[in-house]
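Read through the structure below, which is laid out as structure tokens, and then see the notes.
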Amino acid sequence: MASESFRDPAQWRWSWQDLCGQDFKIWAPERHDLGLCFQQLCLHLPVLAILAISSAYYFGRHEGFVTRARIQLAAINIRCGIVLCLAFLPLIQIYIDINRGKEQIQKISFFLSATQGITWFTHFWYVLGLRKRLGRSPRGPTFVCIVWSLLFALTAIAFRSHYLLLIYSFQFDYSINLAFGFSISYLVAHILYALTLIPSEDSTTYFNFSNRYTQIGENSPLLSHNAYVRFTEEGDPTYLGVAMEETNWFSKLLFYWVNPMMKKGYQGMIVSSEDLYDLPMSLNSSLVSAKLNKQLRGEKQRNIEDDVPSTISSVSSPHSTEVSFVHVKQNSVTLLVALHRCFWVQFYSVGILKFIGDCSAFAGPLLLNKLVGFIEDKSEDIKWGYIYAAGMMSTTLLSSLCDSHFNFLMAIVGLRMRGALVTTIYRKTLSVSSTVLNSHFTVGEIMNFMSTDTDRIVNSCPSFHAVWSIPFQLVVTLLLLYSQVGISFLAGVIFSIILVPINKLIANKIGQLSTKLMEQKDARVRLIAEVLRGIKAIKLYVWEQHFIRLITRLRDRELKYLKGRKYLDALCVYFWATTPVVISILTFGTYALLGNKLTAATIFTGMALLNMLISPLNAFPWVLNGMTEAWVSLKRIQRLLDLPDLDLENYYSKGLFDECDDNTEIAIRNGGFSWGKELSRDEKMRLHALSEKTLIKGKGKGKRSALTIDKRKSFESHITDESQGSGFKLQDINLKIRKGEFIGVIGSVGSGKSSLLSAILGELYIDSGEIAISQIESGFGFATQQPWLQNGTIRDNILFGRPFDDSKYRSVLFACGLIDDVQQLPAGDMTTVGEGGSTLSGGQKARVALARAVYQDKSVYFLDDILSAVDVKVAKHIFQHCIMGLLLNKTRVLCTHHVQYLIYADSIALLDNGIITQIGKPADVLYNIDDSLPIDLELGESIQSTSTSASNSLLESIKHEKVSDSKDHRLLQETSETGSIEFGVYASYWKAIGHVLSLTILCSITFMQLSRNMTDWWLAHWVTDASSNTTSPNITELPVIFEYVVPANDSTSDTDMYSYLKIYVEFAVVNTLFTLIRAFLFAYGGVTAATKIHKLLLKSVIKAKSTFFDITPTGRILNRFSSDTYTVDDSLPFILNILLAQFFGLIGCLVITIYGLPWICLILAPLIPVYHWLQNHYRLTSRELKRISSVTLSPVYSHFNETLQGLTTIRASRATQRFKRDNEDNVDSNIKAQFASQAAARWLGLRLQFIGVAVVTGVSFIAVIQHQYDVADPGLIGLAISYALSVTGALSGVVNAFTETEREMIAVERVNQYIREIPTESAHFVIDPPFAWPSHGVICFSEVVLKYREHLVPSLREVTFETRPFEKIGVVGRTGAGKSSLIAAIFRLVELSSGTICIDSVDIKRIALPVLRSRMFCIPQDPFLFSGTIRDNLDPLGEFRDDEIWTALNKVNLITTVQRLGGLGMNVDGGGSNFSVGQRQLICLARAVLHNAKILCIDEATANVDQDTDRLIQNTLRSAFRKSTVITIAHRVQTIFDSDRVLVMNEGQVVEFDRPENLLDEPNSYFSQLVNHDS
């Protein structure tokens, strides 16, 4: 019996009635809603099942263990409670329904309740697991979020269905009311669930249970199976490999191969370019540049890959033989032709994708026309609707793929071109002689070739395809518009065409304002740079407010142009935003006025086509402009490539060398050499490395040598003579140097000593005669007078690519007097020296450069006045241990003014005006050699010394402190925030704009978007009414606020049309009004924020403590005032404006789409977490990629700049191959980052376009389904589809704009760091000092302890002493003894750690800083002059009369000089560069004389002047400051002997304080040891 029942087919027949009763309907026409049972059975149950399965799956995965923050745990706990409620709610509902309901309950209700309970209980355990695992995001895996989002949308639809069921029920039904009540509960629970998803994963961290990499230690088995795991490819599981290598076509099509990098970026594991994909061979810069060079030389193209091994091997050795200057072949093909031959195949073939993409884009409006027409025509077969919908899906998909791959492939071509151009430009600069290069281009121009010009050429690649694509788009679009609206399309097109020249005119005006803006910005930054360089002096002189006023004045001028530019930008934005609306009005208004009937198909196809028309019209002028700029840049780079390469084979004569014996090293016969152009005064200064210090500084006391008499007069006469001639030349040079000889070259300044060395090195034009050398290939050791160092460690600079040899390295350090210096630096010889050696003193730079030359171990050495930058002791040490020590057996040519050393030379050449006037033995050439040397008080017990004049600055103690802590490494490392930008940064920018203004801007942009959407909605309403043949507007469907504008009973269709048109125009006018308000308000808000932020930044920096400037490089501070300020001024408001427009546009787009087709929510809901997941992955990865791009671009430019500065040294050392390789490595690193950025952008772009395809597909098919059930509104569907077509652009626009905004916000974050975190000087004071204080100038130190920073050892240790009224005190001691710290303490540059300092019995800590400093005066070692007149420099605050200023100048013996230069109104260049160092010191002394303070502190003021000037200063001090206390930190012994008492310091303590004669009488005194140590 049972078996028969089992076999009965009726037993297994599906019965809809048993499950749903009589209520199973897909569509309920009476409610215009989906059937309730259909929703439960076909929608809810499958989604619940998927949620249950996915929750169970992820709950079972024990991976991604994390620790979460408190707020994240709280959100997950709340979510657990909500899920439990959702699990019990259906059970409670079915229980109540069974016990209270009278109607029979359908089986589907039991089934659904059971499924809901099981699903939510399973999901509860999944949410519980999120507390400690399943990755960083507290939201959980994206797939679960997608399923939940779909369920949320279904819950909202179910709520609507229950509501409609309730209002359409004719009698009370308990079950219906109960179901409606519980549907509200479900909806509220889901909303609360959504709120718990808000917390992000920022503070979540992964557990590290074990090391990711296997390390091989001593106990590891020798033959372990994993003994090779330390290779990167094998041992690093995150190693990405080579981009697109072994990737199938499908992965390339969808950019699936980018996924590992995006995941790595999301996990925060991308830190440097090493964490990115390796470049494929086609993008290798050495490969593409070799290919381009072959084409430039006109060689036949072979398989370039075959040449790669040889190319690489030729540069593999850092000290490989350099032969690139022999057998040089010049370029025979232009750059344009060479680029064409290299890249034409890929460059032109990519255009096919562009063409297909454009054609696919046109299919969208056409299919939209067909689809809306199909919906309007009720009789057409339903299959055509599905065909049109499928066509829209296919064409948008094809367009997305073509667009993404076109952009990606064009980016690859651009990167290849960039690599080739940059490398080629770099190679060219290395192969052209400095003379030729400098005679044609400045350093700035050459840098622009590599940056601006290369960028223009690369950016023109897409523009080339736009040149043919845009006209094609315009022609096709206009033809399609004509087919839709006839001649009416001309109204909109004419308006668009009129706007093009208007936009161009505005753009030109913006360009003019930008030029003036940059001029003012440059002036402001230049002044700020001067202020920062002299900030210590400004603080000492209490000039902070004066310079703040000067900078603010320049800033106000800058803001004037910024406002003009921003308001013109606002006008452009206004035109851009209103153009679509105005064009629509003109086109459709004309169409209606011509008597045509508006249909949905016509309107929305026309709208789509007009939107396609606007972009090309606006872009075309800029495309042509870009192409023109690229053409100009090509021509500019061509000028560089046309320069002749340096060919040493032709420069040096083989015949002359054959005539000489084997022992000859260098031979010149009748040589005539020139620089190839007339040199300006500045160029001569640079060429001869002329420093005013050299001209004035005496080389001994007593009688001077004949060669040093009146050097300034000699220099002036040379400059005058040469400027009147045809350019400086070397003439009739006859010189023969044998191997191992020591040759001295002497002569007055400008006589041609440096030129002679350049001639031997091959850097000059050879006009006549012959020159021969024996070491063409191995090169020379060359030390210039102006030291050239690279950005890197001291060791890197000395090794210069050579292998490290410890014993050789140490001997070189000793010989060059660097042992003590290296020991005193924080990180020893691994200390980074900064660009150009910025962190070293002048003497240290000179010695490091010398050590580099010596370490190269060449046969011939050219030493260009290397002894002038160091003091006498160090000079003696270098001469003894280096020139006459390590280099004893080398050939040495020394140019110098220190003639006393040349008595050891084999021969000496005397140069005068480019001619060797005498050559012979030292005894024959030299006269009046003065061997007496000045005594150096700061020499330590070692013969080596670090006390160069440049290193004994006011804060020498800081620089030479033996740092026991690594905290001072921040001197070279700039801190940067990581992770997302904090909310406080956005809040600070909001506050800078102002609360009211910010809210007004948001309101205006909201109303702008609302009015724009209402304009399009009204158009849809118009065509809907027109299609339904209503005689008047359908007022019942309108919002109440618009009812008054529509006549209720118009009888004629013309009146109807005019009424509709009138309201349409009114909406458009309102839109344009709000657009205008928004544009100008935003411009005003941006300028307001820029003004406030700069004001706060300037005040914060100027008021900062002195120690801040000691540990922060000037360039870093300047960066805040230049780059970051420019971003806040210009870039940030621009991109923020775009972000807000894109965001509100996207919201409006989605709202209109949902309004037209509410069922699209079923598609949109699951896309929301997908979109969030995509943008989150992209944003986190893109931020790091952009940072790496910036970080890797800096070395390209800085290395190029360093190369240009050191071309002669590089070529002399024959290190060009290594520098070429370094450049290629830098370029490859940057291209790596840019390639990754492009791949990430295309990865995101394609996926966002897929979201757009999904929306368009969903809208299209839902429209067809609605049409099938006869509930479709053609107007609203047309509106929804036309908006859906623009969803893709809006989605990608929001992500890109947000990413860019976040990046630009970093500038605000960096500025905020300085505004909030810089420690400012104390403004606190207790008392005002007495009248005329200080009257006697008595200074009393009591147990004073001073630390510059907390982690440093004290610079002053319990210092106690007291001066007498009007006493002259000399302070002496070795480097680091604490001498300068005394002045820092007196002027409160650094606050005391303990102890007190009293001046005339007043504790200086209780007095306001400006008052304290204004009552004293200080002459620092480094004199500070700023741009302005002499009067401004002497009396910037206008406190003195002209006659008082002239009197002060007379006292310092400057009156004649100033009168000759043009009086007090004569302009002073920045830093006082048009004065000698000695004259600058005298001007500073004149300031002191003017102020006549009762306390005067002098810090090494005579270190840079000669004996005569020193004597003048001492006399002035004695006469002008008789009634003042003078504290002098001494450098010369004569200064000390004039003092009343001498204060001797050692290791921060006072060791002796007595009259100098008393101290000298005591032979064991510390002072005696200092004076007599090496005399």
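The values are calculated or read from the model by the stated rules, or taken from the named source; none is laboratory data. Everything numeric here is computed off the predicted structure, so don't read it as measured data. We place every Cβ from the backbone using ideal geometry, glycine too, and count neighbours over all the protein chains shown. Keep in mind that these areas ignore ligands, DNA and RNA; they rest on the heavy atoms of the full protein, side chains included. Shrake-Rupley method; radii C 1.70, N 1.55, O 1.52, S 1.80 Å.
I need the chymotrypsin sites (Phe, Trp or Tyr not before Pro) found in segment 511-605, filtered to DSSP loop residues with at most 16 other beta carbons within 10 Å of theirs. Walk me through the numbers on the way to the answer.
Values: sites: Tyr541, Trp543, Phe547, Tyr561, Tyr567, Tyr574, Phe575, Trp576, Phe588, Tyr591, Phe604; in loops: Trp543.
Passing sites in segment 511-605 do not exist.
If R₀ is 35 angstrom, what is the calculated FRET efficiency for the pair Ser1414 and Trp990, using the beta carbon separation as r and rounding to 0.05?
Numbers: r = 40 Å, r/R0 = 1.14.
Result of the calculation: an efficiency of 0.30.
Give me the distance in nm between label points sitting 7 Å out from Cα along the Cα-to-Cβ direction at Lys1092 and Ile105, one decimal.
Calculated label separation equals 6.1 nm.
So, R0 is 51 Å and r is the distance between the beta-carbons of Ile98 and His1172; what FRET efficiency does that work out to, to 0.05? Can you show the working numbers first?
Numbers: r = 41 Å, r/R0 = 0.80.
Computed FRET efficiency for Ile98 and His1172 comes out at 0.80.
What whole-number volume per residue, in cubic angstrom, does the convex hull of the C-alpha atoms of segment 1163-1249 give? Can you show the working numbers first?
Numbers: hull volume 6.0 nm³, N = 87.
Here the figure is 69 Å³ per residue.
What are the semi-axes of the equivalent ellipsoid of segment 1252-1393, taken as the square roots of 5 times the eigenvalues of the Cα gyration tensor, listed largest first and rounded to whole Å?
Values: eigenvalues 1261, 60, 23 Å².
For segment 1252-1393, the semi-axes come out at 79, 17, 11 Å.
Averaged per residue, what accessible surface does segment 445-529 expose to a 1.4 Å probe, in Å²?
Numbers: 3750 Å² over 85 residues.
Accessible surface, normalised per residue, equals 44 Å².
Can you pull the one-decimal nm distance between simple spin-label points at Asp173 and Thr452, each 7 Å off the Cα toward Cβ?
For Asp173 paired with Thr452, the spin-label model returns 7.7 nm.
What trypsin sites (Lys or Arg not before Pro) does segment 1345-1392 have in DSSP loop regions with at most 14 other beta carbons within 10 Å?
Numbers: sites: Lys1347, Arg1349, Arg1357, Lys1368, Arg1374, Lys1379, Arg1388; in loops: Lys1347, Arg1349, Arg1374, Arg1388.
The qualifying sites: there are none.
With a cut-off of at most 14 other beta carbons within 10 Å, and DSSP calling the residue loop, which GluC sites (Glu not before Pro) in segment 1320-1376 qualify? Please list them. Please report the intermediate quantities before stating the final value.
Values: sites: Glu1321, Glu1343, Glu1350, Glu1358, Glu1362, Glu1367; in loops: Glu1321, Glu1350, Glu1367.
Passing both the DSSP loop test and the Cβ count: Glu1350.
Can you pull a Stokes-Einstein diffusion coefficient for segment 392-480 at 25 °C (0.890 mPa s), Rh from Kirkwood over Cα pairs, as a whole number of µm²/s?
On the way: Rh = 16.1 Å.
Translational diffusion coefficient: 152 µm²/s.
Keeping the other protein chains in place, figure out the carbon and sulfur percent of the accessible area of segment 1379-1426, with a 1.4 Å probe. Don't jump to the answer; show the numbers that get you there.
Details: 660 of 1280 Å².
Looking at segment 1379-1426 in its full context, I get 52 percent from C and S.
What's the extension gain from Trp384 to Leu888 if we count 0.36 nm per residue and subtract their Cα-Cα distance?
171.8 nm
Express the carbon and sulfur contribution to the solvent-accessible surface of segment 529-598 as a percent, rounded to the nearest whole number, probe 1.4 angstrom.
After summing per-atom areas, the C and S share lands at 58 percent.
What ranking, highest mean first, results for peptides 1060-1066, 371-377 when packing means the other Cβ atoms within 10 Å averaged over each residue? Could the numbers behind the result be given before it?
Numbers: 1060-1066: 17.7, 371-377: 22.6.
Ranking, from highest mean packing down: 371-377, 1060-1066.
Taking 0.36 nm per intervening residue step and subtracting the Cα-Cα distance, what contour gain separates Tyr239 from Lys252 on full extension?
On the way: separation 13, 0.36 × 13 = 4.68 nm, distance 1.92 nm.
Length gained between Tyr239 and Lys252: 2.8 nm.
How high is the relative contact order of segment 1358-1451? Use alpha-carbon pairs under 8 Å, at least six apart in sequence, and give a whole percent. Write out the running numbers ahead of the final one.
Working: 24 pairs, mean separation 11.0, N = 94.
Once divided by the residue count of segment 1358-1451, the mean separation gives 12 percent.
Provide the three semi-axes, in whole Å and in decreasing order, of the ellipsoid equivalent to segment 1294-1377 as defined by the square roots of 5 times the Cα gyration tensor eigenvalues. Walk me through the numbers before you get to the answer.
Numbers: eigenvalues 452, 82, 27 Å².
So the equivalent ellipsoid measures 48, 20, 12 Å along its semi-axes.
At q = 0.14, 0.21, 0.22 Å⁻¹, work out log10 I(q)/I(0) for segment 1245-1331 with the Debye formula, treating every Cα as an identical point scatterer and leaving solvent out; two decimals please.
Per q value, in the given order, log10 I(q)/I(0) is -0.71, -0.98, -1.02.
How long is the gain from Ser768 to Val475 if the chain were fully straight, where each residue apart is worth 0.36 nm and the alpha carbon distance is subtracted?
98.9 nm
Please find the FRET efficiency linking Leu997 to Thr1114, where r is the Cβ-Cβ separation and R0 is fixed at 30 Å, and quote it to the nearest 0.05.
Values: r = 35 Å, r/R0 = 1.17.
It comes out at approximately 0.30.
Beyond 26 Å between alpha-carbons counts as too far, so tell me which of Lys845/Lys1099; Lys516/Lys1232; Lys753/Lys1220; Lys566/Lys991; Lys539/Lys1347 fall in that bin. It would help to have the intermediate numbers written out before the result.
Values: Lys845/Lys1099 34 Å; Lys516/Lys1232 37 Å; Lys753/Lys1220 30 Å; Lys566/Lys991 20 Å; Lys539/Lys1347 19 Å.
Over 26 Å Cα-Cα: Lys845/Lys1099; Lys516/Lys1232; Lys753/Lys1220.
Relative contact order, percent, of segment 1235-1335 when contacts are C-alpha pairs under 8 Å separated by at least 6 residues?
31 percent
Under the Kirkwood approximation applied to all pairs of distinct alpha-carbon atoms, what is the hydrodynamic radius of segment 1093-1252 in Å? Walk me through the numbers before you get to the answer.
Numbers: mean 1/r = 0.0485 Å⁻¹.
Evaluated on segment 1093-1252, it is 20.6 Å.
So how much accessible area does Leu1464 have, in Å² to the nearest 10, using a 1.4 Å probe?
So the heavy atoms of Leu1464 present about 10 Å² to solvent.
How far apart, in nanometres, would the label points at Arg1406 and Asn596 be if each is projected 7 angstrom from Cα along the Cα-to-Cβ direction?
Between Arg1406 and Asn596, the label points sit 9.2 nm apart.
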